[in-house]
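Worksheet for the structure shown next.
Laboratory data are not the source of any read-out in this text; all were calculated from the coordinates shown. Keep in mind the model is a prediction, meaning the values are calculated, not measured. Ideal geometry is used to build each Cβ from the backbone, glycine not excepted, and the neighbour counts take in all protein chains shown.
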């Protein structure tokens, strides 16, 4: 007899979803059906996902293609020569922080990680006047990750303003993706060299082993994401963007045809190897019809919520403090574009987070809490916008908030592109019904400007005046 917790969810495509945690507890094994391409026995090939609608020829071509391409990555030796990370200080007075004592179990984790990093050339002995503390972070799988707390360093470091892509904008570009591949770079940040003059700033202390500093770009520096995004943008280039998108070390390749997909992968692999960037095949997925990307599930039909994230919201216990309310709203807000009138539904909870708000948990708060759970569990599949089609913006206003729904008409009917909403401020609560409906139209157009600007669209409102 094995006891295991299950979450009750609606609108699932299968009756039961069994997670990896249960597989591990019960030693379950699954034999893939013939439609899945088996993993090549060579360790470099990693795991190959199932093709969307494979033919025997496509299966064979994919296996041969990946075996050859991924084997070539074995000769890649980093770090890259395309860029170097520099830490530019506003104040160069060294900051030295005390080492935080650890129990024997955690110290063993630290010692093992330090030994492995030193052997790999990631760190080197240091004589720096700087020292930041080591922190151990527990991962989802129960293992621990070795990190450095660089917050004090970041406080005196100039920020790199290079932008990261907007997640929503990236997702909106994935329309018509029949074949999808995600690529993961192996310890991506560590493939970027750290400027020699910047290395002492990354120093940290290990009792009994001494002082170390990084030779490559470590995690935790606030300008590291900008350096890495700039690198990948330069390597892959804008000319691939209709089919290749990058968010830090998450690369996605999409196409309508199998031949086009292999052509794109060939070009991406070539550019990565020329830049001396290595892949982690075990975390790559090749030529699949559905996959997770940037916290969402992507397929040809559109964009879905991630069942794991939705399950976390569905299982969220009733908040007892303002902090817990903020945490719940933060988690739920990740998918607010999937929920009509999100702000209006969440208003009773949002009021609790206001400054000097009196804590109360009554019928309104409980109702909002449960309604947000319900709407997220049953969230629709959002369509990716087609800028050759006319947009339809539907707006609405109530005594508590404004709402907008952006849609387009496709062959299979009207599809939602995005929802948006917000609550009314103090002055707006005095508006007449006509003024509120007009406000909703103006706000809705501004809110959806990224979609509508430069394209024809229709506005629908239910106000007859």
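Start at zero, step by 20 Å, and the Cα-Cα distances of the chain spread as 19, 48, 31, 2 percent across the bins. Please determine, in degrees from 0 to 90 and to the nearest 10, the orientation of helix 224-236 with respect to the longest principal axis defined by the Cα atoms of the chain, where the helix direction is its Cα long axis. Helix 224-236 and the main axis of the chain meet at about 90 degrees. Taking every C-alpha pair closer than 8 Å and separated by at least 6 residues, the mean separation divided by the residue count of segment 304-378 gives a relative contact order of 39 percent.
Straightening the chain between residue 56 and residue 197 buys 45.3 nm, computed as 0.36 nm per residue apart minus the Cα-Cα spacing.
Full-extension gain between residue 129 and residue 389, please, as 0.36 nm times their residue separation minus the C-alpha to C-alpha distance. Don't jump to the answer; show the numbers that get you there.
Values: separation 260, 0.36 × 260 = 93.60 nm, distance 6.08 nm.
Full extension of this stretch gives 87.5 nm more.
Ordered by the count of other Cβ atoms within 10 Å of each Cβ, fewest first, 448, 106 give 106, 448. Taking only C-alpha pairs under 8 Å that are 6+ residues apart, what is the relative contact order of the chain in percent? In percent, rounded to a whole number, it is 15. Beta bridges from DSSP with both residues in the chain: antiparallel share about 85 percent, rounded to the nearest 5. Between residue 292 and residue 400, the distance separating the two model label sites (each 7 Å from Cα on the Cα→Cβ line) works out to 3.3 nm.
Separation of segment 154-196 and segment 319-374 by C-alpha centroid, Å? Cα centroid to Cα centroid, the span is 31 Å.
Relative to the longest principal axis of the Cα atoms of the chain, the long axis of helix 104-119 lies at roughly 70 degrees. So if we plug the beta-carbon distance of residue 100 and residue 274 into 1/(1 + (r/R0)^6) with R0 = 45 Å, what FRET efficiency do we get, rounded to 0.05? Efficiency computed from Cβ-Cβ geometry: 0.60.
Between residue 433 and residue 139, full extension at 0.36 nm per residue minus the direct alpha carbon distance yields a gain of 100.7 nm. Helix 322-333 and the longest principal axis of the Cα set of the chain meet at an angle near 90°. Counting every C-alpha pair in segment 391-461, the share spaced more than 21 angstrom apart comes to 26%. Of the three principal axes defined by the Cα atoms of segment 139-253, the extents in descending order read 56, 35, 21 Å. Note on the chain: helix-only mean residue ellipticity at 222 nm, from DSSP H runs of 4+ residues weighted -39500 (n - 2.57) and normalised by residue number, equals -9500 deg cm²/dmol. Once the Cβ-Cβ distance of residue 453 and residue 256 is raised to the sixth power relative to R0 = 30 Å, the FRET efficiency obtained is 0.65.
Taking the Cβ of each residue in 89, 70 as the centre, tally the other Cβ atoms inside 10 Å and list the residues starting with the fewest. Ascending Cβ contact count within 10 Å gives the list 89, 70. Distance between Cα centroids, segment 430-465 to segment 73-133: provide it in whole Å. Using only Cα atoms, the two centres lie 53 Å from each other. Note on residue 322 and residue 374: with the Förster distance fixed at 30 Å, the Cβ-Cβ geometry gives a FRET efficiency of about 0.85.
Remark: 436, 164, 279 ranked as 164, 436, 279, counting other beta-carbon atoms within 10 Å and listing the fewest first.
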